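Here, each number is a calculation from the coordinates, and none is a lab measurement. The structure presented is a predicted model; accordingly, all values stated were derived computationally and were not measured. Ideal geometry is used to build each Cβ from the backbone, glycine not excepted, and the neighbour counts take in all protein chains shown.
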Amino acid sequence: MTLPKDFIEKYQEILGAQAQEFLASFEQEPVSAFRTNPLKKAQKVFPESIPRVPWGHYGKISGKSADHVTGLVYSQEPAAQMVAQIAAPQKGMRVLDLAAAPGGKTTHLLSYLGNTGLLVSNEISKKRSKILVENVERFGAQNVLVTNESPQRLAKTFRDYFDLIVLDAPCSGEGMFRKDPDASRYWHKNYPAECASLQREILVEAMKMLVPGGRLVYSTCTWSPEENEMVVSWLLETYDTLDLIPIRKINGMVDGIGIPEVARMYPHLFKGEGQFIAHLQDGRQLSAKRNKIKSATSRLSQEQKRLWQDFSKDNLITEPSGTLQTFGDELYCLPAELPDVSKLRIARNGLHLGTFKKKRFEPSFALGLALTSDQVKRSVALTDQQFRSYVSGNPLALNVTYLNGWYQLLVDGNGVGFAKIVGSTIKNFFPKGLRF
Ligand code: SAM
């Protein structure tokens, strides 16, 4: 691939003797990888584990495979997998992913939280927030609020709130040149400095939302020191309660330029694309008394309550935990512990349970993805052939007659939504926009 001349000269100067090997790596294929999803009940054994990376595997996953459609796997190149692995939230934490679409770090953070605590997954672009919602739903997490906000507006609602904040910042994207050669066309000499000023602006807002004593993970997919070590130095100068937590270097990560605690990933040393990560700890005393949470109140009518309870009694062994809330005819289950979020643009208001229609309740596709087979009373396992036919929008004919009602459809043990069975026919409830 053709790299900008200024880019080549810059890295010849930064990397010296290593520059040739670094620049030669742009002629090699990008590295494909994926993570498996521990929230899914039916796991599979995949080959080529990435060493020292709990759910990571090398290899390509087709977007049309059952493993992808049921959310058992998420495609993410290996260097990007290091970010949430370093952040590694503990169960029960309140976590913010401040620049989250399409959702690689978000779904990885959810793997650590395991449906405990709360993740607020934010994306400023409306279009990208929709893709984020799709990926969160497929992953099947129940404890996520997806917002479509600017960091400035988000900070007004979540002051001193999060135990852990991940900022995977918008950046000059040098580490993605190999995957997306077009990205190199936008690059110019001053681009990294321009990105750095936006990164500092976002970090100011992030710091307002960090609880005293919380942790901050800052990452980029670029190598420019302006957006990496220089931003970290600025952070440490500006916020004297912040300290670096040294990152243990694995799989070919190297120390930062002049800052050994941070990590850089170069494709000629680490089998993956480009990434930079800094891990910071706030040194203020963690206040024992957390800011008070005004829980969202349930606004279901008596009729809606009854319809939901009827559905739950017939179909569910365990209900998702959280606060039930309606928006028009849509029913959601919001994670507990949320402050009043009514001023925010919400892209996914917790777990979408379903829709109230005339005198009945219809479960959502998201609910059928999120519940594991041991949480539902009735399910039907699809063969691979039936799965292919179902995702293209067809009803399915069964050999036997079932009791009419809702059933979770399973492929290799994991849900692909709920569908209604009438007699010996599975009606098609696979969302029209996702059919293929
Ligand atoms: N973390 C994501 C993942 O793992 O899938 C990738 C995030 S990408 C590197 C950076 C994101 O920052 C983009 O989705 C972009 O829309 C968003 N962004 C752009 N400008 C922003 C701003 N001013 N504040 C917050 N986010 C912004």
Worksheet item: Quick one: what pairs do we get from region 137-148, first residue over 13 Å from residue 40 (Cβ atoms), second basic (Lys, Arg), C-beta under 6 Å, 6+ apart or different chains?
Response: 146/348; 148/126; 148/345
Worksheet item: When you look at residue 153, is it surrounded by fewer than 22 Cβ atoms within 10 Å (Cβ to Cβ), more than 9 Å from the ligand (Cβ to nearest atom) and more than 27 Å from residue 325 (Cα to Cα), yes or no?
Response: no
Practice prompt. Tell me which of these residue 436 doesn't satisfy, since it passes every other one: (1) touching a helix residue (DSSP H, G or I) at 6+ places or on another chain (Cβ under 7 Å); (2) surrounded by 14 or more Cβ atoms within 10 Å (Cβ to Cβ).
Written response: (2)
Fill in: Cβ-Cβ under 8 Å pairs, at least 6 apart or on other chains, region 150-163 side part of a helix (DSSP H, G or I), far side exposed (fewer than 15 other Cβ atoms within 10 Å of the Cβ)
151/201; 153/343; 156/343; 157/340; 157/343
Worksheet entry | Verdict on residue 124 being out of contact with any helix residue (DSSP H, G or I) (no Cβ under 8 Å at 6 or more places or on another chain) and near the ligand (Cβ under 10 Å from one of its atoms) | no
Worksheet item: Within region 268-284, restricting attention to residues that are under 24 Å from the mean Cα position of the chain (by Cα) and assigned to a loop (DSSP other than H, G, I, E, B), which residue is surrounded by the fewest Cβ atoms within 10 Å (Cβ to Cβ)?
Response: 271
Practice prompt. Tell me which residues, restricted to region 164-175, are in contact (Cβ under 8 Å) with a residue 60 or more places away in the chain and more than 9 Å from the ligand (Cβ to nearest atom).
Written response: 164, 165, 174, 175
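Among residues belonging to region 203-242 that are small (Gly, Ala, Ser) and either within 16 Å of the ligand (Cβ to nearest atom) or on the phi < 0 side of the Ramachandran plot (or both), point out the one that is surrounded by the fewest Cβ atoms within 10 Å (Cβ to Cβ).
Kept after step one, since they are small (Gly, Ala, Ser), are these residues of region 203-242: 206, 213-214, 219, 224, 233.
Keeping just the survivors that are either within 16 Å of the ligand (Cβ to nearest atom) or on the phi < 0 side of the Ramachandran plot (or both) gives 206, 214, 219, 224, 233.
On the way: 206: 23, 214: 23, 219: 27, 224: 25, 233: 13.
So, considering only residues that are small (Gly, Ala, Ser) and either within 16 Å of the ligand (Cβ to nearest atom) or on the phi < 0 side of the Ramachandran plot (or both), the one surrounded by the fewest Cβ atoms within 10 Å (Cβ to Cβ) is 233.
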Worksheet item: How many residues does region 391-422 contain that are of a type outside the set (Asp, Glu), surrounded by 12 or more Cβ atoms within 10 Å (Cβ to Cβ) and part of a loop (DSSP other than H, G, I, E, B)?
Response: 6
